[in-house]
1. Only one of (1) part of a strand (DSSP E or B); (2) at pLDDT below 90 fails for Arg79. Which number is that?
2. When the residues of the stretch 46-70 are filtered to those that are in a loop (DSSP other than H, G, I, E, B) and either closer than 21 Å to Met142 by Cβ or among the β-branched types (Val, Ile, Thr) (or both), which remaining residue is modelled with the lowest pLDDT?
3. Which one is farthest from the chain's Cα centre (by Cα) among residues in the stretch 99-125 that are in a strand (DSSP E or B) and not charged (D, E, K, R)?
4. Considering only residues that are modelled with pLDDT of 85 or more and charged (D, E, K, R), which ones fall in the stretch 96-150?
Amino acid sequence: MDVWSQRIEKQWFWDNPLKFTNLKHLQLLVFISSEDVDKILYSLAFLRATPLIEKLEVHFATSFSSWLAEAGPSRRDLRKYKYVHLKHIWITGFRAAKGQLEFLLHLIENAPALEVLLVEIGEYPPCNSWLGAGEPPIEKAMEIARTCIHPVLSQNVTFDVKE
């Protein structure tokens, strides 16, 4: 599923009656512009519509300004929702933006059957389009991923962060 615009409103997020009752593997490609970097967390609405999801791939295609972005709501503002069948999560295009981190932490904290978590730092798709001064803050994003995610993971989860 490709999401080209983050124009998801909070009301739709909470009250969406749509359900994909047989969907077990979801590939979600989320294109996020710099003005919508604060709405990443609302992408969870798609997951709430997939009660039997077992495997999730989220590919974040974002603007260069989203590296380490601080904008957006907290997962603490969300209603509790359990992804009881979710076993495998693969995230690419991770830039340690607050919304991305909150998105991932929400999933981890609410996926009791989680077995594997893979996080790839950088651009999706890989294209070396960094326009900022110096190099992109890949090491800082990797450090944030490791220090924020690892402590909340169950010991049974295989966890890897790579560039």
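1. Unmet condition: (1).
2. Taking the stretch 46-70 as the starting set, the residues that turn out to be in a loop (DSSP other than H, G, I, E, B) are 49-54, 63, 67-70.
Next cut, either closer than 21 Å to Met142 by Cβ or among the β-branched types (Val, Ile, Thr) (or both) only: 50, 53, 63, 67-70.
Working: Thr50: 87, Ile53: 93, Ser63: 60, Trp67: 71, Leu68: 71, Ala69: 70, Glu70: 77.
Once the filter is applied, the top-ranked residue is Ser63.
3. Kept after step one, since they are in a strand (DSSP E or B), are these residues of the stretch 99-125: 116-121.
Filter again for not charged (D, E, K, R), leaving 116-119, 121.
On the way: Val116: 15, Leu117: 11, Leu118: 11, Val119: 9, Ile121: 12 Å.
The qualifying residue farthest from the chain's Cα centre (by Cα) is Val116.
4. Lys98, Glu102, Glu109, Glu115, Glu120, Glu139, Lys140, Glu143, Arg146, listed by residue number.
Matching residues to (1) in contact with a helix residue (DSSP H, G or I) (Cβ under 6 Å, 6 or more places away or on another chain); (2) surrounded by fewer than 18 Cβ atoms within 10 Å (Cβ to Cβ); (3) modelled with pLDDT of 70 or more:
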site	(1), (2), (3)
Ile8	yes, no, no
Asp15	no, yes, no
Lys19	no, yes, yes
Ser34	yes, yes, no
Leu41	yes, no, yes
Leu44	no, no, yes
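The values are calculated or read from the model by the stated rules, or taken from the named source; none is laboratory data. Please read all numbers here as calculations on a predicted model, not as lab measurements. Using ideal geometry, Cβ is built from the backbone for each residue, glycine included, and neighbour counts are taken over all protein chains shown.
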